[in-house]
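> The structure is given below, and queries will be raised subsequently.
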Amino acid sequence: MSQNDGGGVEGEAVEVWGNRFRFIDHGDLASLPPMAWAVENAIPAHGYTLLVGDPKTGKSYLAMDLAGCVARGTRWFGRAVRQGPVAYIALEGREGMRSRLDPWEAHWGPIPADGIRFLAPGEKPNFAKLEDVQEIARAIRTQHAALPALVILDTLGAATPGTDMNTDGAATVMEHLKYLAENVGAPVLVVHHTTKNGSGRSGKGSVHIDASAEGFLFTRREASGFAFQSGRQRWCEDSEWTRVHLEETEDGPVLKSALRQHDAPRISPRARQAFLALPAGGLKCREWERASGLAHSTFGRIRQELVDDGQVTKDGDLYRPTGSTGSKPGPLVPMDTAA
């Protein structure tokens, strides 16, 4: 009789050496957790997603707009988001962040106090170096009050100085991006430029960059502004193109679209003051009142106004920005391979 791969004889029981790998029945697939999204049908809640487009196609505007929606827990051009803090690693155009964020808040509503935290000016991590990525992961986990819902890296080119992304070095960088996502418990949205003379649907550099991504957000120019599309996703079909434009408001330019014609309700300056005094982890009523600096009678009215408007949620004896969990991170997950 012939020997089979397990060392036994056909028709006879095969010796079992261990249980390192396990199989499940097809019926057990129904009990597996469903696909989780950070942004519905656009950004999976794990790994990294590439925001890819030619220069001047609104990539950074879209990234900032998305950060505001995630921090507030509001829909992003019709797509549901997982609300939570955003860690924003802006390595290009840092000087323009405030001029984009101020009109956003004035138009769509205030962002929670710890809603978006930016990498400090002058910091220049190199994502080709594992030790830099490990330090970024530690900084995000220790300098945020709660686990982030999203990390934004703008741009990949600025994050990999001196690295030839057309070589196998790109594969190392991609592993580091996945390491960061795993260790902060949130997906990484990577702003990246397209290839020269390309179709606008492929990131500059090695095929490793595209192959390891969970999906893409593509941008392009339109006669009236920009458009973006969720495409080449592993988990869903390509979306239709969403047309957006920069509309000048009294506070500055704001992204608008047909999906987003109406302004969010503006809240009073005192309500904004109380809202910004409330951290992601929440406060008890008296603690929140003291932090707000408002008079007792005024605070009581404003507190109820924020709860009624859905900006703040009462959770037992704590008040939190709506959608905030205040979750704390667990231990770092080691990475076996060194850069």
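The values are calculated or read from the model by the stated rules, or taken from the named source; none is laboratory data. Predicted model, so just to flag it, every value in this text is computed and none were measured. Reconstructed Cβ throughout: ideal geometry from the backbone, glycine too, with neighbour counts over all protein chains shown. These accessible areas exclude ligands, DNA and RNA; they are computed on the full protein's heavy atoms, side chains included. Shrake-Rupley method; radii C 1.70, N 1.55, O 1.52, S 1.80 Å.
> Can you name the condition, by its number, that residue 186 falls short on among (1) closer than 16 Å to residue 208 by Cβ; (2) in contact (Cβ under 8 Å) with a residue 60 or more places away in the chain; (3) in a loop (DSSP other than H, G, I, E, B)?
(1)
The rows are residues; the columns are (1) buried (at least 18 other Cβ atoms within 10 Å of the Cβ); (2) touching a His at 6+ places or on another chain (Cβ under 8 Å).
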{"site": "151", "(1), (2)": "yes, no"}
{"site": "157", "(1), (2)": "no, yes"}
{"site": "168", "(1), (2)": "no, yes"}
{"site": "177", "(1), (2)": "yes, no"}
{"site": "181", "(1), (2)": "yes, yes"}
{"site": "187", "(1), (2)": "yes, yes"}
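> Restricting attention to the stretch 225-257, and to residues there that are part of a loop (DSSP other than H, G, I, E, B) and open to solvent by less than 90 Å² (accessible area, probe 1.4 Å), which single residue is modelled with the lowest pLDDT?
Start the filter on the stretch 225-257 by keeping residues that are part of a loop (DSSP other than H, G, I, E, B), which leaves 232-241, 250-251.
Retained after the next criterion (residues that are open to solvent by less than 90 Å² (accessible area, probe 1.4 Å)): 233, 236, 238-239, 241, 251.
Values: 233: 76, 236: 81, 238: 87, 239: 88, 241: 94, 251: 86.
So, considering only residues that are part of a loop (DSSP other than H, G, I, E, B) and open to solvent by less than 90 Å² (accessible area, probe 1.4 Å), the one modelled with the lowest pLDDT is 233.
> Restricting the stretch 291-316 to residues that are part of a helix (DSSP H, G or I), in contact (Cβ under 8 Å) with a residue 24 or more places away in the chain and not hydroxyl-bearing (Ser, Thr, Tyr), which is surrounded by the fewest Cβ atoms within 10 Å (Cβ to Cβ)? Before the answer, list the steps.
Quick first cut of the stretch 291-316, residues part of a helix (DSSP H, G or I) only: 291-292, 296-308.
When the remaining residues are screened for being in contact (Cβ under 8 Å) with a residue 24 or more places away in the chain, the result is 298-299, 302-303, 305-306.
Still in the running and not hydroxyl-bearing (Ser, Thr, Tyr): 299, 302-303, 305-306.
Details: 299: 21, 302: 23, 303: 22, 305: 17, 306: 21.
So, considering only residues that are part of a helix (DSSP H, G or I), in contact (Cβ under 8 Å) with a residue 24 or more places away in the chain and not hydroxyl-bearing (Ser, Thr, Tyr), the one surrounded by the fewest Cβ atoms within 10 Å (Cβ to Cβ) is 305.
> I'd like the full set of residues that are outside any strand (DSSP E or B) and open to solvent by less than 10 Å² (accessible area, probe 1.4 Å), limited to the stretch 59-88.
From the stretch 59-88, those outside any strand (DSSP E or B) are 59-75, 77-78, 80, 82-85; that's our starting set.
If the condition is that a residue be outside any strand (DSSP E or B) and open to solvent by less than 10 Å² (accessible area, probe 1.4 Å), then 62, 63, 64, 65, 66, 67, 68, 69, 70, 71, 77, 84 are the ones that fit.
> What pairs can you find where one residue is in the stretch 114-138 and open to solvent by 50 Å² or more (accessible area, probe 1.4 Å), the other is part of a helix (DSSP H, G or I), and their Cβ atoms are less than 8 Å apart, with a gap of 6+ or different chains?
Hits for this filter: 118/94; 118/97; 121/94.
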